[in-house]
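Readers should treat all values here as calculations from the given coordinates under stated rules, not as data from a laboratory. Quick caveat: nothing in here was measured; it's all calculated off a predicted structure. So basically every Cβ, Gly included, is an ideal-geometry build from the backbone, and we count neighbours across all protein chains shown.
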Amino acid sequence: MQLAFFPSRTLTSYLARMFVARILAVLVMLVLVLLMLDLLSTSGDILAVPGNGQAQLLTYASLRIPQLIARFLPYSVLLATLITFVTLNQNSEVIAMKAAGLSAHQVLAPMLLTAMVVSGMSFVFNERVTTRANGTLKAWQAAEYGPIPQTSAIKSNVYLTDGSNILYATTITGSGNDIVLNGVTWYGRDQQGMTAEQVEAAKATFAAPGWKLEDAEIFDVRTAQTRSHATVVVGQGITPAQIELESVNADAQNFFELRNSIAAYREVGRRTSEMEASWWHKLSGPLSATLMPLLGAIAAFGLARSGQVLVRAVIGMALGFAYFVVDNAALAMGSFGGYPPFLAAWAPFLLFLLIGETVLIRTEE
């Protein structure tokens, strides 16, 4: 029995290269198929906007691809694990490794190391690429696939309150006193809480105090009449700081930006459970790729001629998909305060780590 955790350098390199090739193949296949289906359902809305064409479809695809990669990379690692182990099992390569004195964990070690590298790359990719794509795509969808504001700090679908009145902005760009609201609607309410007037404008800027709506259309609910004004100032109780707090999008902020947003919410006594769960999940989400070889390892062991390879592969797939179901459910529970945020993000990972290790030990060790 070899005492080293990893097998020989040659065998480690062989297994890692085989595993990486299958991860990339499965990931490309999943992304292309899902992107094609997504474009079939979305292209009509994009092309319905005057002036949109092939360039806008390519823009949409470039924004969706990072989201699909971030979401389905762990699935790709799971499927690649099953394909790799089934192939090794059917070619009796696992038997040869066992005959050479390797334990199940030593056979699995190159896969785990590769998956850890993939997890690290996934985290960096999410922080540098996916968060920006999320923010831009959400703002574009809020603008109904019209022109995209040329700024990296785009926020969308923001509702702000000034007493009983409501200020809604389709998109928000800029920061501090330079914030610009686009697609603005002001709902002025009376003492009974009923909407008395509705003011719409394409743009609003900070008027210190209040927000200046340009070329506004005012609809009086009582008289059912509409009138136009060059400028209207509303929401004098709404500050730029309040807007920056209200417009936090956890998916569009990286790890450190979201941490700062959570700290700002805590300072003003706001609820942070949802953002904290998303913050912890920025770590546990990419790390789930490391868990997939362990959950799919059951497909590697057992004689191929026994006819149970397919059954073992199905069990490994079931374990992997069960993890994703439990992970999404726990994250949803953590978002509305049912679970502590740390537990919501990490409990599924730790639970299935124990399950995978138990299954591996009981089936082989």
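When you filter the trypsin sites (Lys or Arg not before Pro) in segment 212-255 for DSSP loop state and at most 10 other Cβ atoms inside 10 Å of their Cβ, you are left with ARG222.
Here the chain is treated as a sphere whose radius is the Kirkwood value from Cα pairs; by Stokes-Einstein at 10 °C and 1.306 mPa s it diffuses with a coefficient of 67 µm²/s. Solvent-free Debye calculation, one equal scatterer per alpha-carbon of segment 1-131: log10 I(q)/I(0) at 0.10, 0.11 Å⁻¹ equals -0.46, -0.52. Computed from the alpha carbon atoms alone, the convex hull of segment 164-236 holds 78 Å³ per residue.
For LYS203, give me every one of the aspartates and glutamates with a C-alpha distance below 19 angstrom, ignoring sequence neighbours fewer than eight places off in its own chain. List returned: GLU144, ASP162, ASP178, GLU214, ASP215, GLU217, GLU244, GLU246.
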